[in-house]
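Here the structure is laid out as C-alpha cells; the discussion comes afterwards.
Derivation of every value follows stated rules applied to the coordinates shown; laboratory data play no part. Because the structure is a prediction, the values reported are computed rather than measured. Don't worry about glycine lacking a Cβ; one is built from the backbone with ideal geometry, like all the others, and counts go over all protein chains shown.
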Amino acid sequence: MEFKHISVLLNETIDSLNIKPNGIYLDGTVGGAGHSKEIAKRLDGGQLICLDQDPDAVKIATERLKDFPATVVRSNFSQMTEVLNSLNIYKVDGILLDLGVSSYQLDTAERGFSLHKDAKLDMRMSQSGISAEDIVNDFSESELADIFFRFGEEKFSRKIAARIVKERQTERITTTLRLAEIIANAYPAAARRDGHPARKCFQAIRIAVNGELDRLNETLDKAFELLNKDGVLSIITFHSLEDRMVKQRFKEFCTGCTCPPDFPVCVCGKTPRGHLLTKKPIEPTKQELELNPRSRSAKLRVIIKN
C-alpha cells in the first residue's frame, strides 16, 4: 500500500518554523515526509534531520527526500539528542513533532490500528516490542481498566475491562473487530453517542503499546534544550492528554520568577526561557476540515526560545 498521509496544518506549521535557508531543522515524526519536504524545499545551505520509528515511514521518506538536503534516521524522537550528536549536530534552529498515528497506519489494515478494519491486533508504530494483542490478553483486569481510564479517559473502563477478561477466558482475543465488538457490547446503550464505543479504548491501547506519553514527556525538555536562541519548537497534538502535557511544559518554559508573591524583590533570578508564538493553539481552518476530517482534533502549539 502506498504511504498516503495528508499533512495536517501544513502551511501554519511551516510558517511557524520561520525557516532560515542555512538553518538546521529536525522533524521528529517524518511519516510520509509531507512537512519535511516543505521544510527541505526552503533550505539553501541548511540541513534537515528526519526521524521516525516506523520502518515503513523511514523507507518512503528516504525515497521522497533523496533530492533534498535531508538525512532520515530510524529512531524514536525521544532519542533526538543522541541521533543529532552522532551527526555532530548539537544545536538546531527548529524542531517539529507531529504526534499521533498517521493516515497510512490507520488505513493499512494489517497494522491493527483501526477499529473499522479486521486485522490482527498490533498497533506497534515501530513494528517491534509488546503488541496490542499482548496487552489485551495478558494484562490484569485492573491494569486494563487503568489504561482505558488514564489514556482514553473512558468512564466505563472497569466495565469494559471486566468484559474483556471474561471473553478472553473462552478464547484469546486476536483481531481488531472482535475487540471492538466486545467493547461495544460492554458499553451502556444510553451512552453510545460520540462515535464508536471502542474509540477511546483503542486510543488508550495504542498509547500504551507505544509508550507515547512517556516518550513525549522525555522529549519536551530535550527538544527545548537543543534549540538555538530564537529557535522554534512546533508541536501538533491530536488528543487532550498530549495537548495538556505540551501546554503545561510550554508554560513552564515561559515562566520567569517563581518567588512567593509576598517577597518584595525577586531572589530566585529566574527569567522566561521562551515565549509563545500565539497564546491559543492554532487549529485547522474550515476549509482544511472539509478536505481532511481527521484534522478536526489537531492543535499546533509553538514556542520560541529566548
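Remarks
- Distances between every pair of Cα atoms in the range 66-191, grouped in 5 Å steps from 0 to the bin holding the largest one, split as 2, 9, 15, 18, 16, 12, 8, 7, 6, 4, 2, 0 percent.
- Each DSSP beta bridge with both residues in the chain is either parallel or antiparallel, and the antiparallel ones are about 40%.
- Residues listed by number, the range 154-180, amide nitrogen under 20 Å from E110 label point at 7 Å toward C-beta: 174-178
- FRET efficiency, 1/(1 + (r/R0)^6) with R0 51 Å, evaluated for R172 and K91 via beta carbons: 0.55
- Full extension of the chain between T255 and H196 yields a length gain of 17.2 nm, computed as 0.36 nm times the residue separation minus the alpha carbon distance.
- Mean separation of Cα contacts under 8 Å, 6 or more apart, over the residue count of the chain: relative contact order %: 18
- Listed values (i) 47, 19, 19; (ii) 35, 25, 17; (iii) 49, 28, 13, entry calculated as semi-axes √(5λ) of the Cα gyration tensor in Å: (ii)
- Å³ per residue enclosed by the Cα convex hull of the range 1-104: 90
- Reachable lysines, given that their alpha-carbon falls under 21 Å from the alpha-carbon of K166 and they are not under 8 places away in the same chain: K120, K155, K200
- A DSSP coil position with no more than 13 other Cβ atoms inside 10 Å describes the following GluC sites (Glu not before Pro) in the range 139-202: E171.
- Gyration tensor over the Cα atoms of the range 137-206: the corresponding equivalent ellipsoid has semi-axes (square roots of 5 times the eigenvalues, largest first) of 17, 14, 11 Å.
- The distance between label points at E141 and T81 comes to 4.3 nm (points 7 Å beyond Cα on the Cα→Cβ vector).
- Nitroxide proxy distance, nm - points 7 Å out along Cα→Cβ at Q127 and S240: 3.5
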